[in-house]
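This report refers to the structure that appears directly beneath it.
The values are calculated or read from the model by the stated rules, or taken from the named source; none is laboratory data. All figures in this text were calculated on a predicted structure; none of them were measured in a lab. Counting neighbours? That spans all protein chains shown, and the Cβs are built from the backbone with ideal geometry, glycine included. Surface areas here come from the heavy atoms of the whole protein model, side chains and all, with no ligands, DNA or RNA. Shrake-Rupley method; radii C 1.70, N 1.55, O 1.52, S 1.80 Å.
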Amino acid sequence: MSRLASTCVCLGIVAAFHTSAGAQVTHTTTTIASWNIEGFGGITSEQKIERLAQGVVALDADILALQEVNPDSVAQSIVTKANELGAAYDPPVILEQDGDLNLAILHKTGVAVTNPRFVPGSDLNQPGLRKALAADVKVGKFDFTLINVHLKSGRGAVERATRTAQASVLNAFVADVAAAGDDDVLLVGDYNMIPDLDRESFHALNPDGFLRVISTYETTADFSNVNGNFLDGYAITRNRMTEYVEGSFRVYPMHKVYERTMTWYDENVSDHFPLVARFLITRDAD
């Protein structure tokens, strides 16, 4: 069997395991995912774009928050290629910001993504830091605010303090969104925060327990980064968001899509695995 045919078969297997997003939009649930696509240095290889698009098709998420989009145009390149492979995504939502590594939101046709804006102060007004990207999303009857983040990397004291400060800004923004009447908030992306090792930063993000960090407490995997750390995060508003399908959160084993090892995936696709969860769309619980 050729490599292309083998890849297509594997995509079909994964897609069969993960109910199609189109069916979910039509019926009862939606899939929302987050993926750092490792754009450091720029994504210029057509082969990598093809592999990322294959991953997007396999994920079959109705809404997909991307981190490390570089250059900005690669988000559209991925969408174009994914649609050639049978997906149905609208043009990506992406706002220009300083720095090379950007954030984008991919969404399937029929999903409304409106009012994209940066979270004020989420870059601490410092060159090189990334502003968090927020948008209002509605799929079926489920409407919510999506916040896509990529916080400061690094494990030194300065980097940790920077992340803690960014987390405090995000906490204030989530509180403002909730106070404005939107009870449902999803905060996803590359937190660059490790559970247990970054307790101060997690506390700054969620000092009053308003958020439920399902990626910290409910994952059955030990890592979202192929190098052995759990750096990515997925949080929802606690007690208010009744649409979350309990037990649906997982780290997506993307290397299996390509029938390759984790080492190969790290070198050729990304050093992060996607995070995925499902939500009911049959009612508006706000």
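The condition (being farther than 20 Å from Ala277 by Cβ and open to solvent by 10 Å² or more (accessible area, probe 1.4 Å)) is satisfied by just one residue among Gly154, Gly209: Gly154.
Does Val137 count as in contact with a strand residue (DSSP E or B) (Cβ under 9 Å, 6 or more places away or on another chain), surrounded by fewer than 23 Cβ atoms within 10 Å (Cβ to Cβ) and modelled with pLDDT of 95 or more? No; evaluated as a whole, the condition is false for this residue.
Cβ-Cβ contacts under 6 Å between residues 6 or more apart (or on different chains), taken from a first residue in the range 39-51 that is under 23 Å from Arg130 (Cβ atoms) to a second residue that is open to solvent by less than 40 Å² (accessible area, probe 1.4 Å) and among the polar types (S, T, N, Q), are listed as Gly39/Asn70; Gly42/Asn70.
When you scan the range 180-195, how many residues do you find that are out of contact with any Phe, Trp or Tyr (no Cβ under 9 Å at 6 or more places or on another chain) and either surrounded by fewer than 24 Cβ atoms within 10 Å (Cβ to Cβ) or of a type in the set (D, E, K, R) (or both)?
At the first step, the residues of the range 180-195 found to be out of contact with any Phe, Trp or Tyr (no Cβ under 9 Å at 6 or more places or on another chain) are 180-181, 190, 192.
Adding the requirement that they be either surrounded by fewer than 24 Cβ atoms within 10 Å (Cβ to Cβ) or of a type in the set (D, E, K, R) (or both) leaves 180-181, 190.
Of the residues in that region, 3 qualify.
Assuming Tyr265 fulfils every condition listed in (1) open to solvent by 60 Å² or more (accessible area, probe 1.4 Å); (2) out of contact with any Ser or Thr (no Cβ under 9 Å at 6 or more places or on another chain); (3) of a type outside the set (Gly, Ala, Ser) apart from one, which condition is it? Evaluating Tyr265 over (1) open to solvent by 60 Å² or more (accessible area, probe 1.4 Å); (2) out of contact with any Ser or Thr (no Cβ under 9 Å at 6 or more places or on another chain); (3) of a type outside the set (Gly, Ala, Ser) leaves (1) as the failure.
Suppose we keep only residues that are part of a helix (DSSP H, G or I) and open to solvent by less than 50 Å² (accessible area, probe 1.4 Å) within the range 67-76. Which one would you say is nearest to Val188 (Cα to Cα)?
The qualifying residue nearest to Val188 (Cα to Cα) is Ala75.
Checked against (1) touching a helix residue (DSSP H, G or I) at 6+ places or on another chain (Cβ under 9 Å); (2) within 26 Å of Leu101 (Cβ to Cβ); (3) at pLDDT 90 or above; (4) surrounded by fewer than 21 Cβ atoms within 10 Å (Cβ to Cβ), Tyr252 passes all but a single condition, namely (4).
For the range 101-120, which residues satisfy the criterion of being among the small types (Gly, Ala, Ser) and open to solvent by less than 10 Å² (accessible area, probe 1.4 Å)? First the steps, then the outcome.
Taking the range 101-120 and keeping what is among the small types (Gly, Ala, Ser), we get 104, 110, 112.
Passing the criteria: only Ala104.
Would you check if there is a residue in the range 206-222 being within 15 Å of the chain's Cα centre (by Cα), among the small types (Gly, Ala, Ser) and not in a helix (DSSP H, G or I)? No - not one qualifying residue is present in the range 206-222. Residue count for the range 150-177 satisfying the condition of being in contact (Cβ under 8 Å) with a residue 60 or more places away in the chain and either over 21 Å from the mean Cα position of the chain (by Cα) or within 17 Å of Leu129 (Cβ to Cβ) (or both): 1. Hey, any hits in the range 25-33 for a residue that's open to solvent by 50 Å² or more (accessible area, probe 1.4 Å) and at pLDDT below 50? Yes, there is a match, as at least one residue in the range 25-33 is open to solvent by 50 Å² or more (accessible area, probe 1.4 Å) and at pLDDT below 50. Number of residues in the range 88-100 that are touching a strand residue (DSSP E or B) at 6+ places or on another chain (Cβ under 8 Å), surrounded by fewer than 20 Cβ atoms within 10 Å (Cβ to Cβ) and of a type outside the set (D, E, K, R) equals 3.
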